[in-house]
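Rule-based calculations on the coordinates, nothing more; no lab input. Predicted model, so just to flag it, every value in this text is computed and none were measured. All Cβ positions, glycine included, derive from the backbone under ideal geometry; neighbour counts span all protein chains shown.
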Amino acid sequence: MLAVLIDPEKIDVRQLPILFQKIHASITTHIFIGGSTDANGNTENVVTAVKAQTDLPVLLFPGDYSQITDKSDGILFLSLLSGRNPEYLIEQQIKSIPTLKNSGLEIIPTGYLLIDGGSQTAVERISETRPIAQADVELIVNTALAGQFSGKQLIYLEAGSGAIQAVGPEIISAVKEELKIPLIVGGGIRTKQQLENAYQAGADLVVIGTAFEENEDFFNELKI
Ligand code: 1GP
């Protein structure tokens, strides 16, 4: 599966009809909407505009509780398991409950692991947590399994938006070998070859944002 990540801070909703023509001609299966920040509070408007364009599942991928809207189909209910900042382990989740509890959204408990992508990313800056080094495969696998054993339904290996180095195939396969729940991989994937490598290594769903923002022609390489 392939998710296109739409960042409400960057998208101009007037571009959506053309963007979705390309998305619908491609192998895209999901739309994720979110970003580390949403300074102007655009998320709800963007979700509403996206829902008017597509029948693909639209899931929130929020940077914080203020980005939650019941206009989407569901939410990745993230917990930043790689970090030790209680704000992103449980505090934001508690703050989200008044909005979430009567929302009707499908809530998907997701263990979120920030992996070093070679440069400081927005997730690292905003969450004030350090990523796990790609060399520390055992820690990555154990963190993913701690998420599974805690009841998460998904594990998300995140190199960070615009990462120089995507999560390596050897890490994906090491996690996949042990994990019994679906595995999401994202951050820094810019080529069809990297996408195929991630699938071959065992990613169930890959998330791409920046590569499509920078070059919509990339969709042409991913035709159905
Ligand atoms: C970021 O994993 C996503 O949270 C996608 O990253 O923008 O680098 O594709 P990119």
Once the in-chain neighbours fewer than 8 apart are removed, the lysines whose Cα is under 27 Å from Lys152 read Lys51, Lys71, Lys95, Lys101, Lys176, Lys180
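Under the definition of Cα pairs under 8 Å and six or more residues apart, what whole-number percent is the relative contact order of segment 65-164? Present the calculation step by step, with values, prior to reporting the outcome.
Values: 158 pairs, mean separation 33.0, N = 100.
The normalised contact order for segment 65-164 reaches 33 percent.
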Checking Asn102, Asn85, Asn142 against a Gaussian network model of the chain (alpha-carbon springs below 10 Å), the top fluctuating residue turns out to be Asn102
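Rank the residues Thr210, Thr43, Thr48 as a footprinting-exposure proxy: fewest other Cβ atoms within 10 Å of their Cβ go first.
On the way: Thr210 19, Thr43 25, Thr48 14.
Ranking Thr210, Thr43, Thr48 by Cβ neighbours within 10 Å, fewest first, gives Thr48, Thr210, Thr43.
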Scalar couplings 3J(HN,Hα) for segment 100-113 by Karplus 6.51 cos²θ - 1.76 cosθ + 1.60 (θ = phi - 60°), nearest whole Hz, x for Gly and Pro, are 7, 5, 10, 7, x, 5, 6, 9, 10, x, 10, x, 10, 10
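Quick one: dipole size for the chain, taken about the Cα centre, charges +1 on Lys/Arg Cβ and -1 on Asp/Glu Cβ, in debye to the nearest 20.
Working: 16 positive and 28 negative charges, 64 e Å.
The dipole of the chain has a size of about 300 debye.
Give me the dipole magnitude in Debye, nearest 20, for segment 148-222 about the Cα centre, with unit charges on the beta carbon: positive for Lys and Arg, negative for Asp and Glu. Don't skip to the end; give the middle numbers.
Numbers: 5 positive and 11 negative charges, 65 e Å.
Magnitude of the dipole: close to 320 debye.
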What the Cα atoms of segment 1-61 span along the principal axes, largest first and in whole Å, is 32, 23, 15
For Glu128, placing the label point 7 angstrom along Cα-to-beta-carbon and taking segment 86-117, residues whose amide nitrogen sits under 15 Å are 86-92
Computed over the chain, the convex hull of the Cα set has an average projected area, in nm², of 11.1
In terms of the charge dipole of the chain, which places +1 on Lys and Arg and -1 on Asp and Glu at the beta carbon, the residue among Val13, Gly160, Pro131 farthest towards the positive end is Val13
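Take the Cβ-Cβ distance between Thr37 and Glu221 as r, set R0 to 35 Å, and report the resulting FRET efficiency rounded to the nearest 0.05.
Working: r = 30 Å, r/R0 = 0.86.
Taking R0 as 35 Å, the efficiency between Thr37 and Glu221 is 0.70.
Among Arg84, Arg190, what is the fewest-to-most ranking by other Cβ atoms within 10 Å?
Details: Arg84 11, Arg190 17.
Ranked by crowding around the Cβ, least crowded first: Arg84, Arg190.
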PRE zone check, label point 7 Å out along Cα-to-Cβ of Thr29, amide N under 16 Å, scope segment 149-185, hits 154-157, 181-185
Output row, site Ser119, 7 Å Cα→C-beta label point, backbone N cut-off 18 Å, window segment 178-210, residues 186-191, 208-210
Expected vector for segment 215-224, Karplus 3J(HN,Hα) from phi with 6.51, -1.76, 1.60 and θ = phi - 60°, integer Hz, x for Gly and Pro, equals 7, 5, 5, 4, 4, 5, 7, 10, 5, 4
Subtracting the Cα-Cα distance of Asp70 and Lys101 from 0.36 nm times their residue separation yields 10.1 nm
Ranked output for segments 104-116, 154-166 by mean other Cβ atoms within 10 Å, highest leading, reads 154-166, 104-116
